[in-house]
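Novice: This structure is in structure tokens; I'll ask about it shortly.
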Amino acid sequence: MLKYLIICVCIVSFASEPISPIPKTVEYNKAKALLGKKLFYDTLLSKNNTISCVTCHNLRSGGADSRKVSRGVDGRLGNIQAPTVYNARYNFKQFWNGRAANLKEQAEGPLKNPNELGMSPQLIEKRLNASKTYKKLFYQVYHSSRITFNEAIDAIVEFEKALITPNAKFDRYLRGETTLNSDEQEGYRLFKQYGCITCHNGINIGGNSFQEMGTFFSYHTNASYPDRADVLKNKKYHNVFKVPTLRNIALTSPYFHDGSAKTLLKAVKAVSHYNLGIEMPLDDAQKIVAFLKTLTGEKPKIVKNP
Amino acid sequence: MFRKKAVTILMLFGLFSFGSMAYFYFTQRSFVKNQREFLIHLNNLDNYNSDLTSEALKNSLFTYNSFDKIAYDYDVMQQELKQLQNSKILDNKSYLNIKENMDKVLRTQVDNFLIKIQNFMLLNAAVKNSIVFLSSHVNGASYTQKIEPMLYVKAVKILDAFQNTKKMQDLDYLYRMHYLLQSNSQDKKIKLFVKTFNLHASYLMKKLPAFITTTKDVVVNRVDVTLHKEKKEFNKITLHNFVFFDRFAFVVTISLLLYLLLAIYLFLRYQKANQSLNYSLSHDKLTGLNDRSSLVKDTLALRKNAIILLLNIDAFKEINDIYGNDFGNRVLIKLTRLLNVYLSEISRAKLYRVGGDEFAVIFTDKSVDKVMEIGENLEETIRSKNFKIDNIRTNFSVSIAINAKIPLLENADLALKVVKKDINLHVMAYKEELGIKKEWQKNIKVINMVKSALKEDRVVPYFQGIVNLQTLKIEKYEALVRLILPSGEVLSPYAFLDITSKTHYYYEITKVMIRKTMEVAKIHTMQRFSINFSMQDIINENIIYTLFQLFDADKETAKRVDIELLETELVAVDDSRIGDFIRKVHSYGSKVLIDDFGTGYSNFSYLSDLDIDTLKIDASITKEIVSNPRKLHILQTIHNFTSGMNMKNVAEFVETKELALLLQKLGIEYAQGYLFSKPLPAPLKNSDVSI
């Protein structure tokens, strides 16, 4: 009878595969994306010409910042750990607290933020229009003689849309192209059975819902990171954040919105403490980490080829 | 005037109609487009709402389920709401209520619904997480069965209750349930198992009621109800708005219809007017037949295989002169009737009236021989018929020409002229051999020759002396016209004057003759000079004017310039004009001569009426008096008669000494001829002659 019950639970649980692979290729406007790439790397977009998008979204690594908090112009500190730009197109809303509905709204954020790039649309337009190279490039793409802020954003967004990391080992496993080793296989099973999958699911293995950090033990109650409570103006949503994607997670240390976990193992142990109320056995945690490492995909062509 | 006004009204009407139609088209189009867009967004919103609801249900049912779809639906629902609120059609005042409802009611509901979805996702993940964890937790704790079997059974039971509660969405499964495990075991593992189990069980007990409430809230949302209500209201208003378009379309249609009717009416009127104009332009008024212009048009269209029969009434002018034009017209009508009846039995024959007394028939399926036969038959029919008009029986004949060669009408005309000239000929077909055309071409050549001669001053008088048979001195010169060709050849009037007489160049020649003779006469003061005048000259006011103007200019010379008139022509003009002319000539001291007397009717009566000075006896008499006593007698009689009337005689064509001596003996005053002098470019220096 007990076995029957457990089988019953399992049948209900496995109704559908909760993770889907990233498509091998996506469609985007190549000319626009290349222009966007140039902008993404260009320090011209920061107030004092010192930093660019790529400063905090290191595309050679996981598309995120290896520092706890990013440093903007004049060494000003950000208020949250920079999330990865890789696969951002598959995220439901942008930023940790989802205050941007889409990539376009997101891209405008850091540009205007005085602690980040510290620019204004007018200044960006002025600088771009002063450059002969950009005038030529923009004319080729947008066929207009004057570069506008919106065109610049549009180009950056198009570049970001190209930033996908396909063919992760796990994706290939899902497609039946390879097999996982026993630790990884076991790790995936534990990932599901510990309930991680209830939040980390979908194409980005996260990034598609807002959830609370610290359901069993309160997480840094006094800290004031911009969370859902900020967006919805409701304290009920304190410490509610967008579930971060686990794709390329091995490359995006440090972890959590506050960058408090330096290694994956620490992150797994921390999240099982706060959100499961348990001290996860080291063996299980290590297996889960093994699974997580299979989520590292290939860099997109547009980044690989300079 | 009426037409101009009508066309203006028509244009205005058209402009209005098409303007309204264009307005209707564009307004209606944008309205329909906006209306459709609104409904599309409304339906989309409805669909995503249902999708989101069902996706939420799916998520509550399946433990392992991706949030991707729910996140996507969440996003597009927000977008659709925005687009719905911004629908252009809502700017229309009639949708004010709906716009308000969209902005207030629907937006609030959607916002609330999406907040609920977020809450649902929070709770859903929390509940599922704990249930999944507990399942694994219990499943992985089979070792407890050995130590505390009841504890394990209890744990499974509690888990079952949680599962059922979540599955059935019913809290009753937890009713009076002791959901916490209790164990006094000192076993570390069991202690941890119990602690962790109770932690999650308490958590589930806390979250499950909210989860079930939120799930129900999500499923039973009011968004679809509002959407359906607004849709119904929208359709009602739209239907009402379409009534306006219906009416507008009706007005536009009626206006277009009126425009078309007016246009058709005007067109028909115009066509009718045009038809009657065309008819009068192409038909003869008197006989109702097609006229010359339509004949020309028809022959151009037909060209091949057409044969023309040209019919001309002989001496129609006389009929008009005798009975009057009215009678003449009735003759024409009678003849038309006869021709119509006659031709009605012949296929493919069309009758035209091409001139006052000329008719034409075009045959398109007959041979020339057949038409010839018809023509001969027709001519005989008309000749033998008595036309009875106002109890007067009259008959007349016609001349007929037939032609099959292009140009149809011209060739037929030429042939008809030949027929007219020959009294014995009534019907003839045109043939190239007739050479009529050549003569015609020759005429043009002659006229051109005269034209250039006049221009280049090559028309000159030659002078032939007239000798006094008593004194044997040249007393007078007759000026005779000559045309000198560029080659130097001298042409006598027989070569050109007759043809030229049909043109105005004839008068030019006369004027040259008067002028130049006057000039010569002015130098040769010892002789008189005479110029030949035809009746055509006398009745031409311009010539008369010129003559007397020159006479006035040099009255001395005018005294010695005489006018010769042709005897044959004198009868053709009424006497008073000739009498007036002669009197005027006499007033200058000039004399009047009659030329060629004895060739015409030689009527003596006019000699008594007209003041003639000299009579020139024609060569036909003079030449033969030597051998023919009868002619001699005539000459003598003329001489006696004219002498008695104080007239002198000139004998023409004197070429032999014998004749000259005889004339001298008979007492004829003057003689003219090659014996004495040929016509010369200038008078002789020596005016003495000998016989």
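The values are calculated or read from the model by the stated rules, or taken from the named source; none is laboratory data. Worth saying up front: this structure is predicted, and the values here are computed from it rather than measured. Cβ: placed from backbone, ideal geometry, glycine included. Neighbour counts: every protein chain shown. Each accessible area value is taken on the protein alone, full model and side chains, heavy atoms only, with ligands, DNA and RNA left out. Shrake-Rupley method; radii C 1.70, N 1.55, O 1.52, S 1.80 Å.
Novice: So, by mean Cβ neighbours within 10 angstrom, what's the order for A:35-45, A:279-289 with the highest one leading?
Specialist: Peptide ranking by packing, descending: A:35-45, A:279-289.
Novice: Averaged across A:284-297, how many Cβ atoms of other chains sit within 10 Å of each residue's Cβ atom?
Specialist: 0
Novice: Rounded, prolate or oblate: which fits the protein assembly as shown, taking a ≥ b ≥ c as square roots of the Cα gyration tensor eigenvalues, rounded meaning a/c under 1.5, else prolate when a/b beats b/c?
Specialist: Note, shape of the protein assembly as shown comes out prolate.
Novice: Could you give the nm distance between label points at B:ASP580 and B:GLU318, where each point is 7 Å from its Cα heading toward the beta carbon?
Specialist: The modelled label-to-label distance comes out at 3.0 nm.
Novice: Here's a follow-up. Arrange the residues B:ARG583, A:ARG89, B:ARG577 by how much accessible surface each exposes, largest first, with a 1.4 angstrom probe.
Specialist: Most to least solvent-accessible, the answer reads B:ARG583, B:ARG577, A:ARG89.
Novice: Which order do peptides B:539-551, B:608-620 fall in by mean Cβ count within 10 Å, highest first?
Specialist: Packing order, densest peptide first, comes out as B:608-620, B:539-551.
Novice: Tell me, how many Å apart are the Cα centres for region A:233-263 and for region A:266-296?
Specialist: 14
Novice: On to the next question. Quick one: check the C-alpha center-to-center distance for region A:174-227 versus region B:129-163, whole angstrom.
Specialist: Spelled out, the Cα-based centre of one part sits 23 Å from the other.
Novice: Under the rule of at least 5 residues apart or a separate chain, name every residue whose amide H is placed under 5 Å from the amide H of B:GLU564.
Specialist: For B:GLU564, the qualifying residues are B:ILE531, B:ASN532, B:PHE533, B:LEU593.
Novice: Sum -39500 (n - 2.57) across every DSSP H segment of at least 4 residues in the protein assembly as shown, then divide by the residue count to get the 222 nm mean residue ellipticity, nearest 500.
Specialist: -17500 deg cm²/dmol
Novice: Just tell me how shielded A:209-218 is by partners: mean number of partner chain Cβ atoms within 10 Å of each residue's Cβ, no decimals.
Specialist: 5
Novice: Here is a further query. Residue by residue through region B:276-290, which ³J(HN,Hα) values in whole Hz follow from phi under the Karplus form 6.51 cos²θ - 1.76 cosθ + 1.60 (θ = phi - 60°), with glycine and proline marked x?
Specialist: Couplings: 5, 5, 4, 4, 5, 6, 10, 10, 7, 5, 5, 9, x, 7, 4 Hz.
Novice: While we're looking at this one, here's another question. Between the DSSP loop rule and a limit of at most 10 other Cβ atoms within 10 Å, which GluC sites (Glu not before Pro) in region B:461-536 are left?
Specialist: In loop regions of region B:461-536 (DSSP not H, G, I, E or B), the sparsely surrounded GluC sites (Glu not before Pro) are B:GLU489.
Novice: Which of A:LYS32, A:LYS132, A:LYS24 moves the most in a Gaussian network model of chain A with Cα springs under 10 Å?
Specialist: A:LYS132
Novice: With a 1.4 Å probe, what is the total accessible area buried between chains B and A, in Å² rounded to the nearest 100?
Specialist: Heavy-atom accessible area buried at this interface is about 3300 Å².
Novice: What average number of partner chain Cβ atoms lie no more than 10 Å from the Cβ of the residues making up B:55-65?
Specialist: Mean number of neighbouring Cβ atoms from other chains: 4.
Novice: Shape of region A:133-215 from its Cα gyration tensor (a ≥ b ≥ c, root eigenvalues): rounded if a/c is under 1.5, otherwise prolate when a/b > b/c, or oblate?
Specialist: Cα axes put region A:133-215 in the oblate bin.
Novice: For region B:633-691, state which GluC sites (Glu not before Pro) are in a DSSP loop and have at most 15 other beta carbons lying within 10 Å of their beta carbon.
Specialist: B:GLU655
Novice: Here's another thing I want to ask about it. Applying a 10 Å radius around every beta-carbon, put B:450-459, A:106-115 in order of their mean neighbour count, most first.
Specialist: Per-residue mean Cβ counts within 10 Å order the peptides as A:106-115, B:450-459.
Novice: Now a separate question. What is the distance in Å between the Cα centres of region B:320-399 and region B:29-53?
Specialist: One Cα centre to the other: 88 Å.
Novice: Just need the relative contact order of region B:524-648 here, percent rounded to a whole number, with Cα pairs under 8 Å and 6+ apart.
Specialist: Contact order relative to length: 20 percent.
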